[in-house]
Structure formats: structure tokens, C-alpha cells
Amino acid sequence: MDAAGLRIHLFTTNRWVTGERFEPAERVARWLEGFDVALAVPSWPVNRWLGAMLRFYAPEIRALLLERDRVLERRRVELGSLDILEDRRVEVTSVQPVDLAADVAALERALGDPPPVRLPPPPPRRSTAAQPRSRKIR
């Protein structure tokens, strides 16, 4: 992120940087397809934003993950490191610059003019006047 909090890069790191369990790129890429943080806590807007960003940039994230795996394998051979995932010489493994505004504009141009949105008519309003009570017949 830049000083204004805007995303400027997507990137991947070696396992030791975040301490998570390492998963191969293909497996993680499959998880992107159904990723949804449908939780209100700790922040529903942040959770929705995160899910939207991951879905929007899914192709780029897939490519980054594949590059991460290629870099790790290449560095393992170059450095002779038996446990490349713990090697502190390998930190950031792939980087992709992003510009959300430009990417959205490009998508809008590619899609062309959207069809007009037709909303269904609103339901009829209920009268607020007192309704006559039904009488019980005995």
C-alpha cells in the first residue's frame, strides 16, 4: 500500500515471513474460487472488501502463486537450501503492480455500455388509516 492506503502491489512471500503452512500454488488458487469472508466481525466492510479484491484479482493472484513456486524451486537449486521455505535469504517471491482505478476502467471499457437497469415496481403501500374490524357472527 502507498501512504494514502491504496493498493499498489500484490505480492507473495516465502513461508517463514508469515509463518503459515505452505500450500502449493494450484491448491491455493482453487481456494480463491469460493473465497468469501461472510463474517460481521471484526469488520464486515473490511471482510467484504477483502473478498471482492481477491475475486477481482484472482487471475493475477494465481499467476503470482505459480511464480512463487517457480522462484522457490529455482532458489532451492541455486542456494542448495534443503529447507528453502525457512531460508531467510528468500523473502518476497513475486510482485505484481496494481492500479485498481485503472483496472476497473479497463474492465468497464472491455464490457462496453451496460444494459439499462430495470428495477421491479415497488410493492403497493399499505394504508395507515384504521382498517375496519371484522365482526364476529354468532
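Test of understanding: among Arg48, Arg62, Arg27, which residue is at negative phi, of a type in the set (Lys, Arg) and surrounded by fewer than 12 Cβ atoms within 10 Å (Cβ to Cβ)?
Arg27
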(request) Exactly one condition in (1) under 21 Å from Asp103 (Cβ atoms); (2) touching a residue at least 12 places away in the same chain (Cβ under 8 Å) is not met by Arg48; state its number. (result) (2)
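Do we find a residue being outside any helix (DSSP H, G or I) and in contact with a Phe, Trp or Tyr (Cβ under 8 Å, 6 or more places away or on another chain) anywhere in segment 52-66?
Kept after step one, since they are outside any helix (DSSP H, G or I), are these residues of segment 52-66: 57.
Narrowing the set further to residues that are in contact with a Phe, Trp or Tyr (Cβ under 8 Å, 6 or more places away or on another chain) leaves none.
No, that holds for no residue.
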(request) Tell me, please, whether a residue that is in a helix (DSSP H, G or I), exposed (fewer than 13 other Cβ atoms within 10 Å of the Cβ) and among the β-branched types (Val, Ile, Thr) can be found in segment 98-107. (result) yes
(request) Could you give me the residue pairs with C-beta distances under 9 Å whose first residue belongs to segment 97-119 and is closer than 17 Å to Gly5 by Cβ and polar (S, T, N, Q), whose second residue is at pLDDT below 85 and surrounded by 10 or more Cβ atoms within 10 Å (Cβ to Cβ) wherever it lies, and which are 6+ apart or on separate chains? (result) none
(request) Filter segment 15-44 down to residues that are assigned to a helix (DSSP H, G or I) and modelled with pLDDT under 85 and give me whichever is farthest from Thr93 (Cα to Cα). (result) Trp44
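The values are calculated or read from the model by the stated rules, or taken from the named source; none is laboratory data. These numbers come from a predicted model, not from an experiment. All Cβ positions, glycine included, derive from the backbone under ideal geometry; neighbour counts span all protein chains shown.
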